Ligand code: PBG
């Protein structure tokens, strides 16, 4: 590499056309996934206070939103269901006519080409708000696995295009893979929340999904944010158990992990720009302290530059709409 003055980096920054020509990283709608929160009822659109512009939607409204997303070029949604009733074992999660199966059906009719991913977890369905069955005050790993497999199967039978286990139980990817294979869904991909941290950035989501734990926290099953080597072991386990796409979550606080997972495994990597990341941008922008559009573009570019192939973001619709 030659030095100054033979090489002047500013030569290629002189116009937007030149900058575009040499731009290394692009954020395109084809890589974005929009999360949707689905609730029982008809015509329901209930705004989430800590997530401006995001609402809980009944299946009919979710279907309308799905059509709008498809129109602007967002290829995929990930569904979170909030059931009419919760209980200790999260029975609503495995119901064939549960909230997610109903939404899958409505969305398939409204936007047939949209990829419908479902979040597989019990926290929205349990009355205690934990991601599994509680035994003696703690989440019992092995007792939770069959429930998760049944939930994934219920989603598969209702037409899900991909399932995404987010519970962080050990062994769940393998158990879900085996259940899907045994019931004719060998071709259905799994996107595992592989390196999912016990993060304070999920705060607004728990309002959106009505899933805050009633006691304790999730640190006995979600990862310690301090551990990168362990994150790589988590990813290795999920890959060995049959995950097709591995996710790092949250996104901006974990760019180092996104990069290392991409380099180490070479698998498709998803990064989830979570509710707290979204809320911080919205809150600062509402005060005029930052430029929302530019900050959104900059964060999504950073997540892509770190190595994410797929970005799950509450900004997906806005970003895709702007590119039209
Ligand atoms: C369910 C789940 C959570 C998120 C995705 N799936 C919440 C949690 O683990 O407490 C968080 C997403 C977000 O904050 O946007 N377990």
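Side notes on the structure shown:
- Annotation: the antiparallel percentage among DSSP beta bridges lying fully within the chain is about 15.
- In degrees, nearest ten, helix 275-286 long axis to first principal axis of the chain (Cα): 50 degrees
- Cα gyration tensor category, rounded, prolate or oblate, for the stretch 213-324 with a/c compared to 1.5: oblate
- The chain: angle of helix 141-157 to the longest principal axis, Cα-based, in degrees nearest 10: 80 degrees
- Calculated on the alpha-carbon coordinates, the convex hull of the chain measures out at 150 cubic angstrom per residue.
- With Cα atoms defining each centre, the stretch 96-130 and the stretch 285-324 are spaced 25 Å apart in the structure.
- Reported to the nearest whole Å, the Cα centre-to-centre distance from the stretch 155-186 to the stretch 33-78 is 24.
- Over the chain, DSSP H runs of length four or greater, each weighted -39,500 (n - 2.57), average out per residue to a 222 nm ellipticity of -12000 deg cm²/dmol.
- Length-normalised contact order for the stretch 111-238 - Cα pairs under 8 Å, 6+ apart - percent: 27 percent
- Summary value for the stretch 25-322: 19 percent relative contact order, contacts being C-alpha pairs under 8 angstrom separated by 6+ residues.
Laboratory data are not the source of any read-out in this text; all were calculated from the coordinates shown. Given the structure is predicted, the values throughout are model-derived calculations rather than measurements.
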